[in-house]
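J.: Shown below is the structure under consideration.
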Amino acid sequence: MNAPASSVIDVTGLTKIFGHKTVVDHIDMRVSRGEIYGFLGPNGSGKTTFIRMLCGLLRPDDGSGTCLGFDVREQAELIKPHVGYMSQRFSLYEDMTVRENLKFIARMYGVADRRQAVGRTIERMNLGRFANQLAGTLSGGWKQRLALSACMIHEPKLLLLDEPTAGVDPMARRDFWDEVHKLAGEGITALISTHYMDEAERCHRLAYIAYGHLLATGAVSEIVAAEGLTTFEISGPELYSLIDKLRGLPGVEQVVAFGVTLHVSGRDGPALEKSLAPYTKPPLGLHEIPPNLEEVFISLMRKAVS
């Protein structure tokens, strides 16, 4: 079974069951070469399980398809050498230096010229001043960069990155994403699970799952438009006192504080506008704004629960 040449991931109905619980329930996904594909969902939604099925660490219980042209059910061992997998937690050896860790990973993947590959990776990822430092003494951001370096040491065609920026500072996150976009420009594909909405907006396309089900997929603009949310922003003094008053009104599905304003959202625009009409008079101000990605995903998750 061969996927189209442009499709790095092409799976249909992928399913995983543990005991009596279906963790991933018939998910379809197609990801093209050089695409940065964001994978979002609450904790326990099945993201990690799905990623592990793609890279050959778990065998699907149902469904079919290919990853890098190899059958995900029957050719898992052929997929692994071509994938760079980065788990949620730092999984390298903390009592080994940066260089030693990279040499070890290169040896595991059977990289032909390990010395050259390690040197090239250290230079590319700006790890030179830390090359002889114990990995366990690095900051969170540099541990993350080392983990990404380990993923890249064998020059994979696909990166599967499971919440790679959890617990690192904003500057390190930005540097990480800059590197991912450079890699995409070189034709390397990345499937990245994340909880950060600003990161999701840096992806070419997104998939959102909850409770094992695929709820939405597409570009950010497509997902936002498809949900059909209307959002109003309320400004003025003592807005905290309005939150409980607004919740439960017809058309009101979400009330969230954003700095010195409130964002009020719902899918029934006319009902929402009618409910908010009393809050248009000074000193309050009310105007419609585009819904953001976080509001859309909260709406999707609530629909999945109901």
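J.: Using Cα-Cα distances under 8 Å and only pairs 6 or more residues apart, what relative contact order does the chain have, in percent?
T.: Rounded, it is 18 percent for the chain.
J.: Nothing charged except the Cβ atoms of Lys and Arg (+1) and of Asp and Glu (-1): what's the magnitude of the dipole of region 98-179 about its Cα centre? Round to the nearest 20 debye. Walk me through the numbers on the way to the answer.
T.: Values: 13 positive and 10 negative charges, 68 e Å.
The calculated dipole for region 98-179 is roughly 320 debye.
J.: With springs only between Cα atoms under 10 Å apart, run a GNM on the chain and tell me which of 174, 52, 145 wobbles the most.
T.: Maximum among the listed residues: 174.
J.: Per 0.36 nm of contour for each residue apart, how much would the distance between residue 94 and residue 132 grow if the chain were fully extended, relative to their Cα-Cα spacing?
T.: 12.5 nm
J.: Moving on to the next point. Hey, which lysines would be in cross-link range of residue 274, C-alpha to C-alpha under 21 Å, not counting anything within fewer than 8 residues on its own chain?
T.: 245
J.: Still on this structure, please answer the following. As a test of the formula, what do you get for the chain when each DSSP H run with n ≥ 4 contributes -39,500 (n - 2.57) and the sum is divided by the residue count, at 222 nm and rounded to the nearest 500 deg cm²/dmol?
T.: The per-residue figure over the chain is -9500 deg cm²/dmol.
J.: I've got another one for you. Students often get this wrong, so check it: of 47/303; 80/182; 47/143; 182/303, which have C-alpha atoms separated by over 30 Å?
T.: 182/303
A short reminder: the numbers here are calculations on the coordinates, not readings from a lab. Note that the structure is a prediction, hence the values are computed from the model and not measured. Virtual Cβ from ideal backbone geometry, glycine too; neighbours counted across all protein chains shown.
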